[in-house]
Number of protein chains: 2
Amino acid sequence: MADSLHWIVPIAGVLAVLFALYLARDVLSRDKGPQAMQDVGDIIREGADAFVKRQYTTIGVLALVAAVIIGVVIGLVENTAVADVPALAGLKIGAMTAVAFLVGAGCSMLSGIIGMTISVRSNVRTAAAARRSLVEAVQVAMRGGAVSGFLVVSLSLLGVWGIFTLYQVLFPEVGIAQAPFVIVGFGFGASFVALFAQLGGGIYTKAADVGSDLVGKVEKGIPEDDPRNAGVIADLVGDNVGDCAGRGADLFESTAAENIGAMILGVAAYTIAKNAGWSNPENWIFFPLVIRAFGLLSTIVAMFFVRGNETENPMNILNRGYWVTAGLSVIGLGITTNIMMNTGTATGANGIPAWIWFFGAGVVGLATSVAFVYITQFYTAGSFRPVREIAEASKTGPATNIISGTAVGYETTLVTALTIGVALIASHWLGSQADLVDKAGKNVGGIFGTAVATMGMLMTTAYILAMDTFGPITDNAGGVAEFSRAEAGAREITDRLDAVGNTTKALTKGYAIASASLAAFLLFSAYIDKVNLILGNQIAAGKQGVVLLTSVNLADVNVFVAALMGAMLCYFFSSLAIRAVGKTAQTIIVEVRRQFREIPGIMDYTGRPDYARVVDITTRAALREMVAPGLVAVAAPIIVGLVLGYQAVAGMLMVGTISGVLLATVLNNGGGAWDNAKKYIESGHLKDDDGNVLGKGSDAHAAAVVGDTVGDPFKDTAGPSLHVLVKLLATITLVLAPLFIR
Amino acid sequence: MADSLHWIVPIAGVLAVLFALYLARDVLSRDKGPQAMQDVGDIIREGADAFVKRQYTTIGVLALVAAVIIGVVIGLVENTAVADVPALAGLKIGAMTAVAFLVGAGCSMLSGIIGMTISVRSNVRTAAAARRSLVEAVQVAMRGGAVSGFLVVSLSLLGVWGIFTLYQVLFPEVGIAQAPFVIVGFGFGASFVALFAQLGGGIYTKAADVGSDLVGKVEKGIPEDDPRNAGVIADLVGDNVGDCAGRGADLFESTAAENIGAMILGVAAYTIAKNAGWSNPENWIFFPLVIRAFGLLSTIVAMFFVRGNETENPMNILNRGYWVTAGLSVIGLGITTNIMMNTGTATGANGIPAWIWFFGAGVVGLATSVAFVYITQFYTAGSFRPVREIAEASKTGPATNIISGTAVGYETTLVTALTIGVALIASHWLGSQADLVDKAGKNVGGIFGTAVATMGMLMTTAYILAMDTFGPITDNAGGVAEFSRAEAGAREITDRLDAVGNTTKALTKGYAIASASLAAFLLFSAYIDKVNLILGNQIAAGKQGVVLLTSVNLADVNVFVAALMGAMLCYFFSSLAIRAVGKTAQTIIVEVRRQFREIPGIMDYTGRPDYARVVDITTRAALREMVAPGLVAVAAPIIVGLVLGYQAVAGMLMVGTISGVLLATVLNNGGGAWDNAKKYIESGHLKDDDGNVLGKGSDAHAAAVVGDTVGDPFKDTAGPSLHVLVKLLATITLVLAPLFIR
């Protein structure tokens, strides 16, 4: 037991769930402020609850239908000729995949629903706390956000562990070396939910934002978050459904799919360990789960370090916890690699034990996540060159603002790609030094090194996600304060927290991109392993002319065309997502205008707009508009796989990932930079040639508002949805591989 | 002789040059209109000549330096251990490569200089002709443009043929099967010139456009092309340097590099033909040159069909010539494949002769070019959904205009990628049916089929390029008419021609993209052939552990990272190009403002602005700003090749091509659609809910102007420069392959 550490997985998972419940109770027991605040909070809460109910009902129905289709298709297609585990071929593997899909989808939905429920109850309590103390407000928002963070990571961990253990018990004919392959449906389920949660949430949030701003700010000239605007509640609800539910589902998928992928890669190391007679060979398969468990434990401890004093920058308070999480994760990584990566008396290069090389790879992953946090800040924070450049360009109008922002967005791919490239090559090199050589003479350590780096990076997910959900909570708290006309001191505190929340939201997107790209390599490799498991079975069964897939050859015309399709898919999908925001915003504009026109006394506060109606209309429109891009994302890889074959679809997956990661980087960072260029001008940092401040109300500010509006659907709808698309490509091909092999 | 057809190459080349000189004489002999027109024409001509002189001096110096470096590097690196032709190893091959590079660069520059010279002398003559007759004006502009078209294609053809023949005579130790490899320097020289011509021209044209519009139209409220604006001549000069010189160099490179690449691929077929004892085996290598010669002849004939009547749509007059070119090209293709693709008694699949399959592949190429012409029109012309959508979105302001245009730009990748994919797979399939199987049992017909398709597509290049240069000539003619306050009838005709010119310019970009993407496959394959020639020599020399490059494996970490770098390079390069426009425009804005302030009487026409000074400042700034993106484009593949090796650089090339083609599609079509959405509103097609026209001066129009301005550097600087980047990646790796092999 001491040298296997598996036991820590369920313990850490359950502990994290209990801790999340404790945090939820703690937040809910707090003061909700004066009645005016509670009223606003209630309206937001009702709107969000209505959205959650409708959204998850829709997704649930879609998931059920998809599960049945997947089960039947896999059951029919995966006969013994194309089975990864011949003992299960037929409807048995179909049913197992469908059940795994549903469990994955269910866990993701559950964490999203509970996270949202707490998030939209934390906002009013944060606003109330802001009346007394900055630190208390930070703590309430961070604890509210951590409920999401812990549930996402722990339910993903418990889900993968649970379905793995269940299938091991129920189907003893599945060897441990095949077991990770039969649970890939879990990852697909998680991707499926993430796709629609992110798309629906992203469309909702930006349509509400753009729609209510265009009528309120532009046409009526009233401030943002003004209670006279019928769309304002939809906007506040939107912050939650995009950043909390959407990003939560995104990272749920990351942790689930990448865990399973890493377990699949662990099989090669397991086989080597078993043949060499090293003790506990199954450690190589369980390793990713144990690493994740240590990450959860580190984050629980770190939550107690979220403290500081009233005068300090709130970002420092959050950073304190982040560095504790990262530091403890390094220790956990050291313990896990040391205990679990037992290679007997065999050592890696230069006589250095294998575990040390893998520990290095894990540290590379952690370092990459830190690097991305700073890269994102450089490109999107007002204190650096890029945002200033955009603000300066705003002086000559909206056109130059857009041109400059586009140039900045494109530029951000340089450092992003270099960082990912260095991280991949470094972790691959470190892993290959461990000298894990299989029977065929192939060094499998390199690819496993990239998997360990991904696992290292994902150790801090729960904390990052807590910081992310901190964003919409504080944003909402600001809205509640504005809405309920709270005292100036409270508003000043919520404004400061809101600014910090913008940074943490941007940073989480950088983190999600980085994890998707680092994981990409792991996920292709898992796909190739699965294809080869099937082809190997065919060869063993004596089928003629079958050769293992040893290379994804871009010089093959089918692979090249599939790669072209993968890259194109990213643009086309983004186009649909961006257009969906526009269409949904149109319906909101029409409704808000109607209310201004038809409900008497709105402008002089004697009449109350019908907020719920706007929320309802937005909800329905967003859910309707998410269907087209969602279907395209699911159908494209299947069509390419059926038409061009299993090698080509691997090309689509790889080049689609490259293209998606870069396009998402452009959209997220460009959007973030435009947003902060506007804030930079609003804070009075921009001056004309004579030194006069060009602030709110200046032409430069109007130009910057255009850039901010353009950036909204880029950074909050299309960009984040691309993260999910990239991972969906991986899970869908992993599950449907038997379909593409003839 | 009857079954070799080689002799037609020099004859057609020289004939085309003579025809171009005839056209030039014809245009120059025509009426230049009243003195007022001639004065304006002189100013534009002087500005353009000054730019051409400075631009080509700069490029010439850069090319000389590059040639010396390439010669020395290749001479030092390409020792017998990594030589493609061991007999030439060392400084000999270095010198040959450098000379080929200079000849390629020289031919490209020569065609650019003469083309520009005639183009900026045709504008005033077109304006003068417009005072009399629409058809005559069309003919003058088209003949002026055709000078460029014929020179580009014929000098590229004669250059490749000349250097090939020269090296065959001078170095008899080079077998014909190795000969295409030793002239790759020609293609690199052409790419090198194209890179700087397109970048410099693209930056100049849009900086002048944006800069003079922002001061003239926005700040001073005077019309476009108004003589009071000091930047207006620079703007008119810019149209020529971008569309005529820039696009000419772009397509010069296409025809040169793709010819050489196709000849390299022909070597495999040559070897099969020789071993099988078919007559004239070298036909397979000369085939691309002969096809090109037939294309030139078809275009010469077609020029006599550019006629029509005064009342018809001028686009129809141009289309008439295009369809004649395409029709004659099909016949030429049939003759060439029938005569040259002799497979003795061997047939392809189903007993159908090989030549018929290749004829089919060539027709696929021609059909692809036609398809792209229509796709471009659908996405960028006002009569279809995409442009209308953008115009509608302009009603809610510049932000929604930009969002909608971005969605349209992204959407255009769908049809583009599908068309390319279908064309590649179809021509590959057709070629593979010819059953050209080499000694190793590999069917080489498929890849050769894609080469034949590319050659088929490029048969119409001279005509397309004539239509392209028709654009700046008529645009300038409009400017001359406006400037010299010509009679209304003349202005009405030049306006109509200008609108047609916008279509032909957009369509040429679509054509350039399509040819780049279809050719991509051919160029990678040529690179792999060259690498294998070197590796084969190493194996023959007994070097241990060398294996041929049979696959570019994306699952290899180095290849994947290089692919990521290739995709990133497209964004980063575009970012630099877009930013260069912004910086150059700033210098123009400062100067134009200064002239309005300091030169008395400009606004009431009593003072004359100093046009030449703006032209000079723009020229210097554009040439300064082109250096950074140019260096990045050249250095990136070299660095990746040196660090990650020869297989990885192939991955960079392939994924860079995919990424570049798609990004260029987004930028070109998005920009074109924005431009035409503005024109759509200006022509009074947009109406509000009550049916009132929202025309010039409306808020919707102002919003559309923002979109148009944003699109300018996208479609005329970054997009076209990406075409060149994609092909540069191919030629640079082809020439420097020995550097990446250890």
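Computed FRET efficiency, Cβ-Cβ of A:R742 and B:I539, R0 25 Å: what is it to the nearest 0.05?
With a Förster radius of 25 Å, E is 0.10.
Shortest first, in nm, what separates the label point of A:L28 from those of the same position in the other copies (7 Å along Cα→Cβ)?
Listed shortest first, these distances are 8.9 nm.
Quick check: from the Cα gyration tensor, does region A:585-742 come out rounded (a/c under 1.5), prolate or oblate?
Oblate, since a/c reaches 1.5 and b/c is not below a/b.
Mind giving me the nanometre distance, one decimal, between the label points for A:D689 and A:L170, set 7 Å out from Cα along Cα→Cβ?
Each label point is offset 7 Å from its Cα along the Cβ direction, giving 7.5 nm.
Could you give, in nm with one decimal, how far A:E46 is from each other copy of that position, shortest first, with labels 7 Å out from Cα toward Cβ?
Going from nearest to farthest copy, the values are 7.6 nm.
Residues with amide H under 5 Å of A:K687's amide H, sequence separation 5 or more or different chain, H placed in the peptide plane at 1.01 Å from N; which?
A:L694
Relative to 2.2 N^0.38 Å, what does the C-alpha radius of gyration of the protein assembly as shown come to as a ratio? Two decimals please.
Relative to the rule-of-thumb radius for its length, the protein assembly as shown sits at 0.92.
Where the convex hull is taken over the Cα atoms of chain B, what is its projected area averaged over directions, in nm²?
Mean orientational projected area (chain B, Cα hull): 30.6 nm².
As a check on your grasp of the helix formula, calculate [θ] at 222 nm for the protein assembly as shown: sum -39500 (n - 2.57) over DSSP H runs of n ≥ 4, divide by the residue count, round to the nearest 500.
-27500 deg cm²/dmol
Kirkwood Rh over alpha-carbon pairs of region A:264-369, then Stokes-Einstein at 4 °C and 1.567 mPa s: what D in µm² s⁻¹, rounded to an integer?
84 µm²/s
So which chymotrypsin sites (Phe, Trp or Tyr not before Pro) in region B:1-96 are both in a DSSP loop and have at most 14 other Cβ atoms within 10 Å of their Cβ?
Answer by residue number: B:W7.
Please compute the average number of Cβ atoms from other chains found within 10 Å of each residue's Cβ in peptide A:570-576.
Whole-number average of other-chain Cβ neighbours for A:570-576 is 6.
Can you list, shortest first and in nm, the gaps between the label point of A:R385 and those of its counterparts in the other copies, using a point 7 Å from Cα in the C-beta direction?
Here the equivalent label points are 4.3 nm apart from this one.
Just need the relative contact order of chain A here, percent rounded to a whole number, with Cα pairs under 8 Å and 6+ apart.
21 percent
Students often forget the sequence filter, so: which aspartates and glutamates lie under 15 Å Cα-Cα from A:K727 once same-chain residues fewer than 8 apart are removed?
A:D250, A:E253, A:E258
Positive end of the dipole of region B:143-242, charges at C-beta (+1 Lys, Arg; -1 Asp, Glu), about the Cα centre: which of B:L151, B:V182, B:A208 has its Cα farthest in that direction?
Sorting the options by dipole projection puts first B:V182.
So for the protein assembly as shown, taking the charge dipole from beta-carbon charges (+1 Lys/Arg, -1 Asp/Glu), which of A:F101, A:A24, B:G327 sits furthest toward the positive end?
The one lying farthest along the dipole's positive direction is A:F101.
Just want to confirm a number: the relative contact order over region B:148-259, from Cα pairs under 8 angstrom separated by 6+ residues, in percent.
Contact order relative to length: 41 percent.
Which one, B:V615, A:A367, A:W674, projects farthest toward the positive side of the charge dipole computed for the protein assembly as shown from Cβ point charges (K/R +1, D/E -1)?
A:A367
Given region A:168-311, report the % of alpha carbon pairs whose separation exceeds 20 Å.
That tail contains 67 percent of the Cα-Cα pairs.
Taking B:K395 as the anchor, which lysines have their alpha carbon closer than 20 Å to its alpha carbon, excluding any fewer than eight residues away along the same chain?
A:K206, A:K217, A:K220, A:K583, B:K678, B:K679, B:K687, B:K696
For region A:376-497, just say rounded, prolate or oblate: build the C-alpha gyration tensor, square-root its eigenvalues into a ≥ b ≥ c, call rounded for a/c under 1.5, and beyond that prolate if a/b exceeds b/c, oblate if not.
Verdict is oblate for region A:376-497.
Cut-off under 22 Å on the C-alpha distance; same-chain residues fewer than 8 positions from A:K274 excluded. Which lysines are left, in chain and number order?
Qualifying lysines at Cα under 22 Å: A:K439, A:K442, A:K530.
Please report the spacing between the Cα centers of region B:162-185 and region A:313-391 in Å, no decimals.
Using only Cα atoms to place each centre, the spacing works out to 55 Å.
Dipole of the protein assembly as shown, Cα-centred, from +1 at each Lys and Arg C-beta and -1 at each Asp and Glu C-beta, to the nearest 20 debye?
The dipole magnitude comes to about 1360 debye.
How high is the FRET efficiency from A:L548 to B:W323, r the C-beta distance, R0 51 Å, rounded to 0.05?
In this case the efficiency is close to 0.50.
Take the alpha-carbon centre of region A:85-138, take the same for region A:715-736, and report the distance between them in whole Å.
Here the answer is 18 Å between Cα centres.
How long are the three semi-axes of the equivalent ellipsoid for region A:522-630, computed from the Cα gyration tensor as the root of 5 times each eigenvalue, in whole Å, largest first?
56, 15, 9
Give the residues of region A:421-437 whose amide nitrogen is closer than 20 Å to a point set 7 Å from the Cα of A:Y374 in the direction of its Cβ.
Those under the cut-off are A:421-427.
Let me know the Rg and Dmax you get for region A:1-111 when you use only its Cα atoms, in Å.
21.6, 68
What dipole magnitude, in Debye to the nearest 20, does chain A give about its Cα centre under +1 on Lys/Arg Cβ and -1 on Asp/Glu Cβ?
For this selection, approximately 940 debye.
Assign one of three labels to region A:129-214, namely rounded, prolate or oblate, based on the Cα gyration tensor with a ≥ b ≥ c the square roots of its eigenvalues; rounded applies when a/c is under 1.5, prolate when it is not and a/b is larger than b/c, and oblate otherwise.
Judged from the Cα gyration tensor, region A:129-214 comes out oblate (a/c at least 1.5, b/c at or above a/b).
Please list, in order, the residues from region B:114-138 whose amide nitrogen is less than 19 Å from a point placed 7 Å along the Cα→Cβ vector of B:L21.
Backbone N within reach: B:114-119.
Which whole-number percent is the relative contact order of region B:389-517 (Cα, under 8 Å, 6+ apart)?
17 percent
For region B:52-199, what does the convex hull of the Cα positions come to per residue, in cubic angstrom?
Each residue corresponds to 107 Å³ of Cα convex hull volume.
If R0 is 45 Å, what FRET efficiency do you get for A:V422 and B:E598 from their C-beta distance, rounded to 0.05?
Calculated transfer efficiency: 0.30.
Which of the helices in chain A, when you take each full DSSP H run, stretch at least 24 Å along the axis at their Cα atoms and have an average Kyte-Doolittle score of 1.6 or higher?
Flagged H segments are A:8-28, A:283-303, A:627-644, A:719-740.
Accessible area per residue of region B:659-742 at 1.4 Å probe, in Å²?
26 Å²
Hey, if we sort A:K274, A:K696 by accessible area with the 1.4 Å probe, largest down, what's the order?
Result, largest first: A:K696, A:K274.
The values are calculated or read from the model by the stated rules, or taken from the named source; none is laboratory data. Predicted model only: the values in this text are computed from it and were never measured. Glycine also receives a Cβ, built like all others from the backbone with ideal geometry; neighbour counts cover every protein chain displayed. Just so you know, the surface numbers come from the protein's heavy atoms only, side chains and all, with ligands and any DNA or RNA stripped out. Shrake-Rupley method; radii C 1.70, N 1.55, O 1.52, S 1.80 Å.
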